[in-house]
Amino acid sequence: MPGGETARREFLDHCGAVVAVPLDEHGRVGLIRQYRVPTKQVLWEFPAGLRDLPGEDPAVCAARELAEEVDLRATDMRKLGEFYTTPGISDELIHYFLATGLSDIPETERHERTDEETHIELVWWDLDKAMAAVADGEIRNGVCALALSLTRIHVETN
């Protein structure tokens, strides 16, 4: 502990994760609906995944998740930031990326989805509508809400 004291704490030692925010040429963001076992709910979120390959560059991991979950490639993966999700219980650090210059991956090259990824649905949202959905509780995933805020800041300043 700071100051040299010791304390007993339980926490999750996490490998980290990435989020890819697909932003199309019309300024819309691509959100997915995905079932999440801990909440027992289908939630709105962005393509995301674990940094489970040792030494993998976060941007490469984000591009891989974009391809695996929504069959998209991006010519530009711009870093929006990196943030701890729940530092009181976990050291999970998420790297956020804005994916632009999007194109579809040919069907013959697509990843075969399993488990909760099987029924992923990609829906394009107007950024203002998505931000309003956070405020009214339709979007309840905190990682997604932060990604939308970071995207809004990027769009307004660039």
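Taken over the range 1-31, the criterion of being farther than 19 Å from VAL60 by Cα, under 19 Å from the mean Cα position of the chain (by Cα) and among the hydrophobic types (A, V, I, L, M, F, W, C) is satisfied by VAL29, LEU31.
Could you tell me whether ILE139 is in a loop (DSSP other than H, G, I, E, B) and touching a strand residue (DSSP E or B) at 6+ places or on another chain (Cβ under 6 Å)? It is true that ILE139 is in a loop (DSSP other than H, G, I, E, B) and touching a strand residue (DSSP E or B) at 6+ places or on another chain (Cβ under 6 Å). Please find, within the range 86-108, the residue that is surrounded by the fewest Cβ atoms within 10 Å (Cβ to Cβ) out of those that are touching a His at 6+ places or on another chain (Cβ under 8 Å) and either at pLDDT 95 or above or part of a strand (DSSP E or B) (or both). The qualifying residue surrounded by the fewest Cβ atoms within 10 Å (Cβ to Cβ) is SER90. With the requirement that a residue be at pLDDT 95 or above and surrounded by fewer than 15 Cβ atoms within 10 Å (Cβ to Cβ), what does the range 1-26 give you? Residues satisfying the conditions are ASP24, GLU25, HIS26. Screening the candidates GLU82, GLU138, GLU69 for the property of being surrounded by fewer than 17 Cβ atoms within 10 Å (Cβ to Cβ) and either within 19 Å of LEU31 (Cβ to Cβ) or more than 14 Å from the chain's Cα centre (by Cα) (or both) yields one hit, GLU138.
The values are calculated or read from the model by the stated rules, or taken from the named source; none is laboratory data. What you see is a predicted model, and the numbers here were worked out from it, not measured in a lab. Neighbour counts are summed over all protein chains in view; Cβ atoms, including those assigned to glycine, are modelled from backbone coordinates with ideal geometry.
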